[in-house]
Amino acid sequence: MSSARQAILGRIRSGLKRGPLNEQQQTHLLQQLSSRKRTIQPARAKVTGSAALGDFKTMALEVGTEIIDLTSVEQLPQAMSKLMGDSNLAQQPLVLANESELVALNWNAANITTEIRVSTKGDAISLTNSLCGVAETGTLVLRSSPHSPTTLNLFPDIHCAVLYKDNIVPGYEDAWDWVRNDGIPRTVNFITGPSRSADLEQTLRMGAHGPKRLIIFLV
């Protein structure tokens, strides 16, 4: 443990008027941390199957998320081409996550220029995969990686994400189980609708702290 961290913990212990935990207390704490016992959950956080899918779409649409249904991921380039054409972005590059499933798609046939890189200020549109969706609140869950940096879902005006129907889970506890399965990444983002704020004069402004639009391609 670093000296700086020891100093911080020392000040906390001093404020609590106690010293370090003894061995028995440390063992109990580790057991609590490793336990995944769940507390009370709302009924909506327990639905599965078609009910979970229905709840996810309902909740996502209520918070301004746009959903485009696809029967296969191979339809994605044409669907993205239509979206970019309708949004006057036909001449803009699509900033793409460096994920093999997305990179392998036939973007040339859809006349889309892709750029595989981190996103920067001024980018118009990006596309990433997602880990799962939470039916309870219509929330998208993304985990950062060298192939899919967090900038892709923060900087562009429009963030598009692929979500498979089989990857929709009932509640947040289930989503964290998915995250833990592959190890906790540097960043986990729970995204519920596009960025918005009404802090200034109670006027709703889209894109206050991130993308103005969130579009989910539901496969």
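We did not get these values from a lab; they are worked out from the coordinates using the rules stated. Computed from a prediction, not measured in an experiment: that's the story for all the values here. Counting neighbours? That spans all protein chains shown, and the Cβs are built from the backbone with ideal geometry, glycine included.
Of all the options T39, T58, T150, the one that moves most in a Gaussian network model of the chain with Cα springs shorter than 10 angstrom is T39. Length gained on full extension, A104 to L33, computed as 0.36 nm times the residue gap minus the Cα-Cα distance: 21.5 nm. Working value for the chain: equivalent-ellipsoid semi-axes of 37, 22, 19 Å, each the square root of 5 times a Cα gyration tensor eigenvalue, largest first. Sorted on the mean count of surrounding Cβ atoms within 10 Å across their residues, most packed first, peptides 132-138, 173-179 read 132-138, 173-179. The spacing between region 8-51 and region 106-180, judged by their C-alpha centroids, is 29 Å. DSSP finds beta bridges in the chain, and of those with both partners inside it, around 30 percent are antiparallel. In the elastic network of the chain, a GNM with C-alpha springs shorter than 10 Å, the most mobile of G54, G171, G19 is G19. Ranked for footprinting exposure by Cβ neighbours inside 10 Å, fewest first, I68, I116 give I116, I68. Under a Gaussian network description of the chain, with springs only between Cα atoms under 10 Å, the residue in N129, N22, N108 that fluctuates furthest is N22. Extension gain for K165 to Q91 (0.36 nm times residue separation, less C-alpha to C-alpha distance): 23.5 nm. Rg/Rh, computed from the Cα trace of region 65-152 with Rh as the Kirkwood radius, has the value 0.95. Taking Cβ atoms as reference points and 12 Å as the exclusive limit, the residues near R38 contribute a net charge of 0, counting Lys and Arg as +1 and Asp and Glu as -1.
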